[in-house]
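Contents: one structure, followed by commentary.
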Amino acid sequence: MPNPPSAGALPDLLSEGGTLLRDGLVWAIFCRPGKEPVELGRDVVTQRLTTGSFPPELMQENGWAWFHFDIVHTLSRAQIESIPSLPEEVRQVLTNLERSTRLESEGDIVFGALPAFDDTSTDDERNVSTWRFALEPDLLLTTRRHPIPALGVVYHELQRGLVPRSPAKVVDRALLEFADTLRRDFARLDDQLDRAEDVLLMLDRDTDLGRMSGLLGVARRRSTELRRVLAPVDRIFRDEELELPEWAEDDLRDRSQRQVHAALDDLLALQDRARSLQDELTSNQAEETNRRLYIVSVGTTLMLPATFVTGFFGMNTGGMFLSGGAWDTVIAGILCFGIMLGTWFVLKLTKLL
């Protein structure tokens, strides 16, 4: 077996024209705690996937490897589906194209699918994608369809020599990055709710309640979308029937469960605040509607006697008074105004105004 290249030769990302990317393998690195990772050759990758063990030279290094595949490539999916060292269920999970999340174990292997944001959208409307993994004490095998920035962050941390003792911490670190991105989204939504709350507290007649309703609607819709992603992950880690190998229990389940549950608590608090503001906005909209109906009702009530008078004088009957003088129209107008004024005093005395 050829010697692995030095850590300094490890590129940030393998070039598009490289041999590895042509079959979907994005990177293959060997990590040792306290040292920078080194890139593995194709023969080492093939031997590990075929036999389930590394060459003796690497086994003596007391490290672990990370193989990352892009399963958009047909050749990549076919290669993973034919790995003899992995159980069939694990291979199916690694090549599955569904977005459902799961976490299971079989023997000493932990496998599943976890959510992450992809890099195909803006910060305001990040799309949630899924990446899949199979985890052994000496190997982390991950697959994805879209580039996952969280995995890229962890990859670059490994390049800087921040190598954990177990590959389970890589999964935990990717989940932590996902939770941190969620919290940044929560902070942005919280800022929107702050602006909405300020407007509601300083409510005046010029306030555009329709625009405020749209702003709150965006925050509530986005928080609901994120909850649909985060809640299943929290249930997975809190499942009492989930039994992980001892080597992965502390690094994966305990740490990941805490950070996912904390992010879910923040999301629930955000949703509660959005609902409270929506209730306040609905109340303000109802008050504004009632105020406008009140003005219309008062105007209608004041005009009702005058309408009766004008209707009375508009009858085409003989002997109608105020029909022959030069000032009769003025007198009729004063009469209508006097009746309206009298109606206003009556409404005031009865406290209807």
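Given a 10 angstrom Cα cut-off, can you work out which residue in Asp328, Asp43, Asp119 is the most mobile in a GNM of the chain?
Asp328
Placing unit charges on C-beta atoms (Lys and Arg positive, Asp and Glu negative, everything else neutral), compute the dipole magnitude of the chain about its Cα centre in debye, rounded to 20. Numbers along the way, then the final one.
Working: 39 positive and 55 negative charges, 287 e Å.
Once rounded to the nearest 20, the dipole reads 1380 debye.
Contact order normalised by length for segment 212-343, with contacts defined as Cα pairs under 8 Å and 6 or more residues apart; what percent is it? Each step should come with its number before you reach the end.
Working: 49 pairs, mean separation 34.6, N = 132.
Computed over segment 212-343, the figure is 26 percent.
What are the DSSP H helices in the chain that stretch 18 Å or more along their long axis, judged by alpha-carbon atoms, and whose average Kyte-Doolittle hydropathy comes to at least 1.6?
Numbers: long enough: 168-201 (48 Å, -0.24); 209-238 (41 Å, -0.12); 255-313 (87 Å, -0.23); 328-349 (31 Å, 1.73).
In the chain, the long hydrophobic H runs are 328-349.
Of Ser100, Ser256, which has the most accessible area and how do the rest follow, probe 1.4 Å? Can you show the working numbers first?
Numbers: Ser100 65, Ser256 0 Å².
Per-residue accessible area, sorted high to low, gives Ser100, Ser256.
Relative contact order for the chain: what is it in percent, counting Cα pairs under 8 Å that are at least 6 residues apart? Mind dumping the intermediate values first?
Numbers: 448 pairs, mean separation 46.3, N = 353.
Across the chain, relative contact order equals 13 percent.
Compare the Cα positions of Val346, Ala174, Ile331 along the charge dipole of the chain (+1 at Cβ of Lys, Arg; -1 at Cβ of Asp, Glu; about the Cα centre) and return the one farthest towards the positive end.
Ile331
Let me know the charge dipole size of segment 128-170 about its Cα centre in debye, to the nearest 20, where only the beta-carbon of Lys, Arg (+1) and Asp, Glu (-1) is charged.
Details: 6 positive and 3 negative charges, 27 e Å.
Value, rounded to 20: 140 debye.
Take the alpha carbon gyration tensor of the chain, find the square roots of its eigenvalues, order them as a ≥ b ≥ c, and report rounded if a/c is under 1.5; if not, report prolate when a/b exceeds b/c, else oblate.
Details: a/c = 4.47, a/b = 3.94, b/c = 1.13.
Prolate.
Enter the accessible area of Lys348 (Å², nearest 10), with the probe set to 1.4 Å and all protein chains included.
Surface open to solvent at Lys348 totals about 100 Å².
Mind putting a number on the dipole of segment 156-294 about its Cα centre? Charges go on the C-beta only, +1 for Lys and Arg and -1 for Asp and Glu, and I need it in Debye to the nearest 20.
On the way: 24 positive and 31 negative charges, 97 e Å.
Result for segment 156-294 is approximately 460 debye, rounded to the nearest 20.
The values are calculated or read from the model by the stated rules, or taken from the named source; none is laboratory data. If you're wondering where the values come from, they're calculated on a predicted model, not measured in any experiment. Backbone-built Cβ (ideal geometry, glycine too); neighbour counts: all protein chains shown. Ligands, DNA and RNA are excluded from the accessible area calculation, which covers all protein heavy atoms including side chains. Shrake-Rupley method; radii C 1.70, N 1.55, O 1.52, S 1.80 Å.
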